[in-house]
Amino acid sequence: MSKPKVLIIGSGGVGAISALSLTTTNKSEVTLVVRSDYDLIDKQGFSINSCTYGELKNWKPHHIARSVKDAQTQYGPFDYILLTTKNIPDGPITCEEIIQPAIKTGNEVIILLQNGLGIENPMVEAFPGHIVLSGVSLIGSTYIDGHVRNPGRDHVFLGDFKPESERLPGSAEKIEEFISIYQTPDNKNTIVLDTNVQKRRWEKLIYNSVFNVISALVELDNCRTQMTVQNDELIRPAMYEVIAIAKSEGIECDESLVDKYIHIGDGLFYVPSMGIDAHKGQLIELETILGNPMRIAKKNNVSTPILSTLYPLLKLVQFRLKEKRGMFTIDKNDFQGNSDVYPKVFAEKYGKH
């Protein structure tokens with residue numbers, strides 16, 4: 001019997017570790033798409049320092065490909081498409097467009113191992129009839145120039161985000177199969193079925209909508225942030241705002257996670273992924289990590305004084321990153337009138353931003 005074929009799109013900290021786990025178990029055939037650093041990884045592989053898998057030099061999965069199209073042509077078709085890229089719906093290309101070249105048989109299972117909220121429905125709308133699974137990774141893992149630093153144990157929650165009555169046939173079996181090919185026999189990692197994966201997403205936002213956002217704004221690691229600003233002054237109340245938004249949607253988050261996340265990185269001087277992206281000049285997951293929760297807060301009339309301040313500031317960071325990346329060029333002559341209409345003028349002339 002042939003092994004399931006897994007395509008991983010996204011070779012950052014999460015994608016590289018996912019590829020490592022799946023390759024280590026050797027129960028599937030793994031292809032990893034490595035876009036910007038393909039030549040580097042093709043030549044020397046990954047250097048990995050992982051609390052889960054140890055130290056590895058010159059490591060590669062079964063296959064690497066320069067693009068999704070190349071992966072499909074050379075190693076497809078695939079049984080599972082595991083998406084670990086940043087989810088940036090306001091960027092130049094959506095996740096749905098990214099995976100399109102790998103959709104060939106109509107039976108591919110799409111797994112979104114990504115941050116944020118509200119990421120599943122656009123994928124379902126783009127690929128009706130496909131099983132779309134939602135995954136939450138609690139791993140601490142970063143990638144820079146071929147090197148992966150993984151100080152947090154590989155821990156994945158996987159589930160079907162739809163209500164049970166709306167799930168497609170075979171969903172439960174596909175979850176079970178993927179867990180079986182991902183879980184290492186010595187239990188170095190943990191991957192489990194989560195029957196309420198949306199709650200898990202909200203609980204992860206308690207960390208991401210605060211620490212990730214602050215890091216992107218000020219480009220500091222968490223420890224330096226906490227040296228300067230007391231936890232009760234900014235971080236803790238912002239986390240409770242996330243919990244309040246979730247509650248307005250009927251999701252009761254575990255409030256003990258506030259203290260857990262505040263102290264989870266004590267002494268590690270860890271820079272969250274959004275802070276690394278901003279420092280490298282890459283677009284940030286603004287809308288899925290903070291924008292979507294803020295829209296829910298507005299809809300449900302939830303008071304969020306801190307997050308409501310952080311969100312516009314983060315939009316300014318994204319604006320700066322987009323302009324530096326040449327996604328638009330400002331003609332100053334367009335903005336000679338009243339500044340109250342600047343947003344309208346910009347949206348009309350320069351498109352979505």
Discussion item. Under 10 Å, Cα contacts only: if you run a Gaussian network model on the chain, which one of Leu283, Leu22, Leu168 comes out with the highest mean-square fluctuation?
Written reply: Leu168
Worksheet, complete the sentence: Per principal axis, largest first, the Cα atoms of region 171-274 extend in Å by 48, 34, 22
Worksheet, complete the sentence: Only helices counted: for the chain, with every DSSP H run of 4 or more residues adding -39500 (n - 2.57) and the sum spread over all residues, [θ] at 222 nm is -11500 deg cm²/dmol
Worksheet item: Nearest 10 degrees, 0 to 90: what angle lies between the long axis of helix 171-182 and the longest principal axis of the chain (Cα atoms)?
Response: 80
Practice prompt. Within 10 Å, count the other beta carbons around each residue, average over each peptide in 105-115, 330-340, and list them highest first.
Written response: 105-115, 330-340
Worksheet entry | Rg/Rh (Cα only; Kirkwood hydrodynamic radius) as it applies to region 71-183 | 0.96
Worksheet, complete the sentence: Using eta = 1.002 mPa s and T = 20 °C, Stokes-Einstein with Kirkwood Rh from Cα pairs puts D for region 5-195, in µm² s⁻¹, at 129
Fill in: Within-13-Å neighbourhood charge of Lys86 [Cβ basis; K, R +1; D, E -1]
-2
Worksheet entry | Summed side-chain charge close to Val124 - residues other than Val124 whose Cβ falls under 14 Å, Lys, Arg +1, Asp, Glu -1 | -4
Discussion item. Rounding to the nearest 10 and keeping the result within 0 to 90°, find how far the Cα-based axis of helix 307-324 lies from the longest principal axis of the chain.
Written reply: 70
Worksheet entry | Positive minus negative residues near Ile243 (Lys, Arg vs Asp, Glu; Cβ under 10 Å) | -4
Worksheet item: To the nearest 10 degrees, how steeply does helix 13-25 sit against the main Cα axis of the chain, on a 0 to 90 scale?
Response: 10
Response to the item:
Distance in Å, no decimals, from the C-alpha centre of region 327-341 to the one of region 108-123 is 35
Worksheet item: Taking Lys199 as the anchor, which lysines have their alpha carbon closer than 24 Å to its alpha carbon, excluding any fewer than eight residues away along the same chain?
Response: Lys86, Lys162, Lys174, Lys247, Lys260, Lys298, Lys299
Fill in: Cα centroid separation - region 1-66 against region 260-289, whole Å
23
Fill in: Residue of Glu255, Glu219, Glu164 that the Gaussian network model of the chain assigns the largest fluctuation, springs spanning Cα pairs under 10 Å
Glu164
Discussion item. If I build a Gaussian network model for the chain, linking alpha-carbon pairs within less than 10 angstrom, which residue out of Asp221, Asp42, Asp232 has the largest mean-square fluctuation?
Written reply: Asp232
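Here, each number is a calculation from the coordinates, and none is a lab measurement. Treat the numbers as computed from the prediction; the structure is a model and nothing was measured. When we count neighbours, we look across all protein chains shown, and the Cβ atoms used for this are built from the backbone with ideal geometry, even at glycine.
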